[in-house]
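Here's the structure, in structure tokens; my notes come after.
The values are calculated or read from the model by the stated rules, or taken from the named source; none is laboratory data. Please read these numbers as outputs of a predicted model, since none were measured by experiment. Note: ideal-geometry Cβ built from the backbone for every residue, glycine included; neighbour counts use all protein chains shown. In case anyone asks, the SASA skips ligands and DNA or RNA and just uses the protein heavy atoms, side chains included. Shrake-Rupley method; radii C 1.70, N 1.55, O 1.52, S 1.80 Å.
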Amino acid sequence: METIGNVWLWTAFGSIVLVMLAIDLFLVGGGKQHRVSIREAATWSVIWVSVSFLFAAGLWWYLDGAAGRELANQKTLEFITGYLIEKSLAVDNVFVWLMLFAFFGIPLELQKRVLIYGVLGAILMRTGMIFAGAWLIAQFHWILYLFGAFLLVTGIKMWWFANEQPDLANNPLLKWLRGHMKITDGLHGERFFVHQDGIRYATPLFLALVLVEISDLIFAVDSIPAIFAITGDPFIVLTSNIFAILGLRAMYFLLADMAGRFSLLKYGLAAVLVFIGVKMLLIDLYKIPIGFSLAVVATFIGISIALSLHKEKLLARQGTDREG
């Protein structure tokens, strides 16, 4: 597939990611057990978003000089649209993580270690899936229609089951792990495995890690086709995806205490998936402009957030009236 990615752009992207990961992992608490504060999470959320948009600005500047203003505008808009889509869909992943940690009783001070591995695993999985997807689309154009239909069905299912909660107690993977591994009854700090009486046991922290990685894989199956509806350039697909993932851990701790306030967000995400699915199905009949796609995605997410906050205010007011 055609791509703007060259040695300089790939090197710049890889260097930024490695430097930021090193700072996050080794200079800001790293894997050490500690409770991530709202202030720390907010600071890192701002940093990751800022780095992402600085990368977009740098990409525009480079392309403007190397390939012209028109291509610079187009590719930068594709990056920002893809980034917004991935960031929005990642919020649903945050809700799943909250549920997983609550189910296993993982305290906040231990969650960071699990999410470090979760994010690193997501980066590796998505990189492989993106290049595989790009190759498949280049070889078999009709796969875009399969992606579009899949996103359309996924969006409808997400809307239909927005209020449903997964039954983790009967999760097939969890049942299989418990049937094939010895698992301790309680946590042992940050350890994934312990030895008791010469026998190796997995801890609930390890089970949480496995399900976090599986949830990353499941959400990647939804989000990667979505971004291919915006652009077929592997460089834009990968960079926007990875930058959205890198800030996911900070966003999780930022939203951990107020996720319940966004009860209608899933409907907005479902609408985004339906729109992108339709866009992909129409790709050979009519190409919806990138700017319009960005506006639609931002509108759906913005409206769902605003309605969620309004709903919370109404519920709070009704509770106050009852007490009075």
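To the nearest 10, the accessible area of Tyr201 is 50 Å² with a 1.4 Å probe.
Over the chain, DSSP H runs of length four or greater, each weighted -39,500 (n - 2.57), average out per residue to a 222 nm ellipticity of -25500 deg cm²/dmol. Working from label points 7 Å from Cα in the Cα-to-Cβ sense, the Ala22 to Leu54 distance is 1.5 nm. Ranking Thr203, Thr3 by solvent-accessible area of protein heavy atoms (1.4 Å probe, all protein chains present), from largest to smallest, gives Thr3, Thr203.
Relative to the current alpha-carbon distance between Ile218 and Val46, full extension at 0.36 nm per residue lengthens the span by 59.3 nm. To the nearest 10, the accessible area of Lys112 is 10 Å² with a 1.4 Å probe. Each pair of Cα atoms in region 60-201 enters the Kirkwood radius, and Stokes-Einstein at 25 °C and 0.890 mPa s then converts it into a translational diffusion coefficient of 125 µm²/s. What is the distance in Å between the Cα centroid of region 85-119 and that of region 196-256? So the two Cα centres are separated by 9 Å.
So if R0 is 35 Å, what FRET efficiency would Arg39 and Lys157 give, r being the distance between their Cβ atoms, rounded to the nearest 0.05? After rounding to 0.05, the efficiency reads 0.40. Counted by Cβ distance under 10 Å from Leu63, the other residues give a net charge of 0, where Lys and Arg count +1 and Asp and Glu count -1. Taking mean projected area of the Cα convex hull in nm² as the quantity of interest, determine which of [x] 15.8; [y] 19.8; [z] 17.8 was computed from the displayed structure. The calculated read-out lines up with [y].
Per-residue 3J(HN,Hα) values for region 192-200, derived from phi via the Karplus relation 6.51 cos²θ - 1.76 cosθ + 1.60 with θ = phi - 60°, read 8, 9, 9, 10, 10, 6, x, 10, 8 Hz in sequence order (x marks Gly and Pro). Potential lengthening of the chain between His310 and Lys182 amounts to 41.4 nm, from the contour at 0.36 nm per residue minus the alpha-carbon distance.
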